[in-house]
Structure formats: C-alpha cells, structure tokens
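Starting off with a structure, shown below.
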C-alpha cells in the first residue's frame, strides 16, 4: 500500500498558490522574492539540512586568487632522487582550492582530524571561538566542513579513501553530511577507536573512552576489498573445515583418507608456538597410499588438496595439536580484514591472530592512545600542552598501511602537529614504500612554523630544534609553501595573466613533486627566452626537462634540437588558472 506524503501535499499547495499570485504581479523585485520562496520550497527534503553560513575566506575568494609562495629556507633535501613532500601554510580552504587544480583525482588517502566542535570551544569560525552558547554552532561547523569535504571528494582517486576522526559532538551530523557529499553507497565503515583507559564523564554513569573514524571511498565499484591490515606474524590454520564442531569422528588405522597417492608425515616431539600455548606433537600422522597409519580424530572435510598437503608437508608447515588436529603453519604476510574496533592496546580476541610470535608487528600492539600522542609531543618538544588532543602516530600509520598501497599520495588538510607526515615517513622506512604526503595547516599561534614543520624536520634529520638527537633520521625531501594572494582584477598595472604566470612554477613543483632548479629542470613562459635557450648548447647539455607556456608554439627546428639533446618538453596545463583568467577577460 502506497503511503500518503502529507508534507509534499502541503508543499505543492503552497507552490500552486505562489504561481497564482505571480500571475497578477508585474513588479520585478516581488517576482524575484517569490521565486526565492519557490526555491526554498523545492530544496531537498530528506537528509541533513542546516543554516548555511559564509566564511571570511569565501569573501576573500571573490576579490583575490590564492597562490603559493615557496619559503626556500625551509626546504629540506636529504634524498635528491626522491620526490618532494609538501607542507602548505595557510587557510586550508585556500590550499584545497589550489590542490584541486594540481591533484584532482590523484589523492589515494585522505586522513583528517578536524575540530570536534565540543563544548570546550575548540572550533574557531571567522576568528570567533564557537561555544555552547552559539545557537548556530552546528550550522557553522557544517558549513565549514561541507566546503572542504566537497573539494576532498574531487581530490580522491577512483579507488581513493578518506578517514575522518570525530567524536560524539558531531558524529551524527558528519555521517549525514558525508552521505550527501560522497554518497550513501560510498560509506565503508564507522570505526571505533579506544582512545584511553580512563575517560571523561558523559554522565554520572557512562565514561567516554572512545572516538570514531568515518571511512568513505570515492567509488564503491572500484573500492571493494581495499581496506585490510597486513599481518606479518606467523599464523596457523586448520587443515580441516569444521562444518559442525559437535560432530567429531575418529579416523582409525587402516581407514582410507582423501589422500591417495602421497605420504604425509608430521614428526612427533616437535614444539611450535601457537596462539594459546606451546604444543607438543603427541604422535606421528602417516597417510600412506591413502591409508591412515595411526588413529586420528577429525571434524568436517579436508581444506586443502592432495597436492597442496604434500607440498606443505615438504615445507614442514604441518603439525598436530594436542587435540589431534592437523594445522598448517603460515608465515608469509597476509592481508586480514580491518576490524571496526580499534583497541588502544593489543587484544588477541579482537585482532584474531598470534601476538606472541612477533611483538614488533605493527598491527599487534593496539592502535595507540591519547597518552601515547602526548608522550610523542613531549619527545619532540619537551613539553606536553602545545596542541590539544593530538593523534598517536601508530593510529595514523595503521590507517595508512591498511590501504595496502606503498605508493600512495596521502593528504591531511588539518595537519596539526604533523603526525601524518611522521607516519608516512616511518612507514616508508619500515616497508620500503614510496608514499608521499601533502599537509595543510594554518599558522595560528605559529603552529605551522614552530610545531608542524619542526616535527617533520626532526623526523627527517634526526635532530630536535635544540640540536639533541631524536633518531637516526629518515631520508626524505620537503618543500614549504605559504599561501599568498593576487587581486582578481586585470588592468595595465595589475595584469592578471602575467601575475598568475609568475606563480605557476610553484604549482608545477607541487603537482609533480619536483624541484625546478633552472638547470636540469626549467620553466619558459616567453618565446624569446625559449629561443635563446634552444641556441645555447652549454645550457642544453645540462637540461633534462623544460616546462613551457601553452602560448608558446615550438618550431620544427626547436623540436629537433630538444629531441637530439634528450630534453623532455612539457606544456604547462591551462587548467591551473584558466577559469580565473577567463573571468576578467
């Protein structure tokens, strides 16, 4: 039986009334106002609806165009052959605006830890601290997040994934917002992270020790099976599928087994560590010509083929438990499903594998805690409260690692103390990966310069700011960009096209992770400059790549010269600032 939509009936009645009124009105202003009422009535009626607010940065974008200016003295190069990582200082909406030009559809993993909009006034909107007394605090937070998540979706690759940390204050609102932006079918999971042992009180009865991590993918059709934790531990698996554990049967001497041609021998007396205890093999199991030579109890059916069992026995991967079950030893790395509960400390019952065998395994000893994060900050800077509620490096490492992509490009546009950068660098060192990070943060209270940048520098160089040793260091490269602005006007004095071309070098470096050194890698925006370069053999001999403006047309002679000198030519993309230039032409 079809239900009656009473809201739609009332809405249609109001729309019909407005249409009748408009027939008798000629005043343009009144007609415009009536059309605005119609638009409000026809907006979506299911999902998250809030009072939309405008940010100061939205107004800034109306009159000026954000660009990046490189802070050269903060550049770090310890491995010249590798690509650069990037730290972008400025409002993250402006940084995202530029990243959308250079990394649209290219980011594999986004992790963000946005302001939680708690009652403790952790959220600043338009330079105003938002507290419980602000009746629009949820709407302002949603307006703030909506703009940034919409760009984040565009940044993700087709098999990309975003992880968003959040707590109870905005969990419900964020879930609906992400459903709207990414699509309900792109929802992957709501992970629960046990952040500490002793929590704050939600009421007189309940103590809060958890936060959430929302997981959404870009394209559910391309995403299937991507998330999983790589387990490097030695594990054991039964060789018999237990269809019903209550129905055990004994295989007696002389009974034929499923294995008809090979000999399977597991020696007695061998000791091997299992997930619960050390197990001594109590008897030999011999299957010869399909005949069991010793009594044996099994349940269900054999899991592996005759040929596979034979190979496992040759590899000494088979043993008998004290319950007379055959099990297989598996030592190669295996991907296990990520559980939706992320325990603060290791829990075998949750993780589901043997944590005794390899205590150094990344996925064995829990997902870190608030206390771990505080201790990490102290280790870097010697004091604790330089940033409220940082995330532990272990948590971010496991999240990134769970995507099983050692060449991932990772973005964090609420970078905070720079934990994501540390996680990426340490993972690359541990597993030989080639991951690249892009971090965005403002410089409120000098956090970008004094905290985020310094933490990354310490991880790379192994030296703290005071010169003391932190570690052996991790070879990596970093560029530091600061967000600047160009007026959105085009006059003789302020030629927008020329102003933007000057800033294109930084976008080329950002998009390609390279250093334009004007030697091996060059940029040419002028035909005369390119012509002089093509005639100077000494410069041709050292150049490897050249990026040229799309306004320049190469002559056939220049094409031949560059080809003979093995110089790769790249046309600077028009999409960098094409829309902005067209707006003022």
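The values are calculated or read from the model by the stated rules, or taken from the named source; none is laboratory data. Just so you know, these numbers come straight off a predicted model, no measurement behind them. Neighbour counts are summed over all protein chains in view; Cβ atoms, including those assigned to glycine, are modelled from backbone coordinates with ideal geometry.
Considering only segment 178-208, state which residues are modelled with pLDDT of 95 or more and within 17 Å of residue 117 (Cβ to Cβ).
Once the filter is applied, which keeps residues that are modelled with pLDDT of 95 or more and within 17 Å of residue 117 (Cβ to Cβ), segment 178-208 yields only 178.
Give me the helices (runs of 4 or more DSSP H) completely within segment 386-467, filtered to those with at least 1 residues that are modelled with pLDDT under 95, ordered by residue number.
Output list reads 393-401, 419-431.
Which of (1) surrounded by 15 or more Cβ atoms within 10 Å (Cβ to Cβ); (2) touching a residue at least 60 places away in the same chain (Cβ under 8 Å); (3) under 26 Å from residue 107 (Cα atoms) does residue 575 not meet, given it meets every other one?
(1)
Can residue 168 be described as under 23 Å from residue 58 (Cα atoms) and either out of contact with any helix residue (DSSP H, G or I) (no Cβ under 6 Å at 6 or more places or on another chain) or not assigned by TED's automatic domain parsing to the domain that holds residue 219 (or both)?
Against the criterion (under 23 Å from residue 58 (Cα atoms) and either out of contact with any helix residue (DSSP H, G or I) (no Cβ under 6 Å at 6 or more places or on another chain) or not assigned by TED's automatic domain parsing to the domain that holds residue 219 (or both)), residue 168 does not qualify.
Which one is surrounded by the fewest Cβ atoms within 10 Å (Cβ to Cβ) among residues in segment 541-561 that are assigned to a helix (DSSP H, G or I) and in contact with a helix residue (DSSP H, G or I) (Cβ under 7 Å, 6 or more places away or on another chain)?
The selected residue is 561.
Still on this structure: Just need a number here: residues in segment 489-524 that are in a loop (DSSP other than H, G, I, E, B), modelled with pLDDT of 85 or more and either out of contact with any helix residue (DSSP H, G or I) (no Cβ under 7 Å at 6 or more places or on another chain) or crowded, with 16+ Cβ neighbours inside 10 Å (or both).
6
Taking the stated definitions as given, is residue 331 more than 17 Å from residue 209 (Cβ to Cβ), at pLDDT below 70 and over 23 Å from the mean Cα position of the chain (by Cα)?
no
So residue 29 ticks every box in (1) surrounded by 10 or more Cβ atoms within 10 Å (Cβ to Cβ); (2) part of a helix (DSSP H, G or I) but one. Which box is left unticked?
(1)
Among all residue pairs at least 6 apart or on different chains, which show Cβ distances below 6 Å where the first residue, located in segment 494-510, is outside the structural domain of residue 64 (by TED's automatic domain parsing) and the second is surrounded by fewer than 16 Cβ atoms within 10 Å (Cβ to Cβ)?
If the second residue must be surrounded by fewer than 16 Cβ atoms within 10 Å (Cβ to Cβ), the pairs left are 494/487; 496/584.
Would you pick out the residues in segment 459-476 that are in contact (Cβ under 8 Å) with a residue 24 or more places away in the chain and closer than 15 Å to residue 425 by Cα?
459, 460, 461, 470, 473, 474, 475, 476 - these are the residues of segment 459-476 that are in contact (Cβ under 8 Å) with a residue 24 or more places away in the chain and closer than 15 Å to residue 425 by Cα.
Within segment 135-156, track down each residue that is at pLDDT below 95 and not in a helix (DSSP H, G or I).
Across segment 135-156, the qualifying residues are 135, 136.
Additional query: Check segment 460-467 and report whether any residue there is within 28 Å of residue 60 (Cα to Cα) and either buried (at least 19 other Cβ atoms within 10 Å of the Cβ) or in contact with a strand residue (DSSP E or B) (Cβ under 7 Å, 6 or more places away or on another chain) (or both).
Looking through segment 460-467, none of the residues is within 28 Å of residue 60 (Cα to Cα) and either buried (at least 19 other Cβ atoms within 10 Å of the Cβ) or in contact with a strand residue (DSSP E or B) (Cβ under 7 Å, 6 or more places away or on another chain) (or both).
Quick one: would you say residue 76 is on the phi < 0 side of the Ramachandran plot and at pLDDT 95 or above?
When the stated conditions are applied, residue 76 passes them.
Go through the residues of segment 82-91 one by one and say whether even a single one is assigned by TED's automatic domain parsing to the domain that holds residue 166, surrounded by 18 or more Cβ atoms within 10 Å (Cβ to Cβ) and in a helix (DSSP H, G or I). Can you show your working first?
Pass one, segment 82-91, residues assigned by TED's automatic domain parsing to the domain that holds residue 166: 82-91.
Keeping just the survivors that are surrounded by 18 or more Cβ atoms within 10 Å (Cβ to Cβ) gives 84-91.
From the residues that got through so far, the ones that are in a helix (DSSP H, G or I) too are none.
Scanning segment 82-91 turns up no residue that is assigned by TED's automatic domain parsing to the domain that holds residue 166, surrounded by 18 or more Cβ atoms within 10 Å (Cβ to Cβ) and in a helix (DSSP H, G or I).
Got a number for residues in segment 32-50 being touching a helix residue (DSSP H, G or I) at 6+ places or on another chain (Cβ under 7 Å), under 25 Å from residue 174 (Cα atoms) and surrounded by 12 or more Cβ atoms within 10 Å (Cβ to Cβ)?
The number of residues fulfilling the criteria is 3.
Here's a follow-up. Being at pLDDT 60 or above, surrounded by 15 or more Cβ atoms within 10 Å (Cβ to Cβ) and not in a strand (DSSP E or B) is true for just one of 304, 353. Which residue is that?
Matching residue, one of 304, 353: 304.
Yes/no matrix, rows are residues, columns are (1) crowded, with 20+ Cβ neighbours inside 10 Å; (2) touching a helix residue (DSSP H, G or I) at 6+ places or on another chain (Cβ under 7 Å); (3) touching a residue at least 24 places away in the same chain (Cβ under 8 Å):
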| position | (1), (2), (3) |
| --- | --- |
| 379 | no, no, yes |
| 387 | no, yes, yes |
| 399 | yes, no, yes |
| 406 | no, yes, yes |
| 415 | yes, yes, yes |
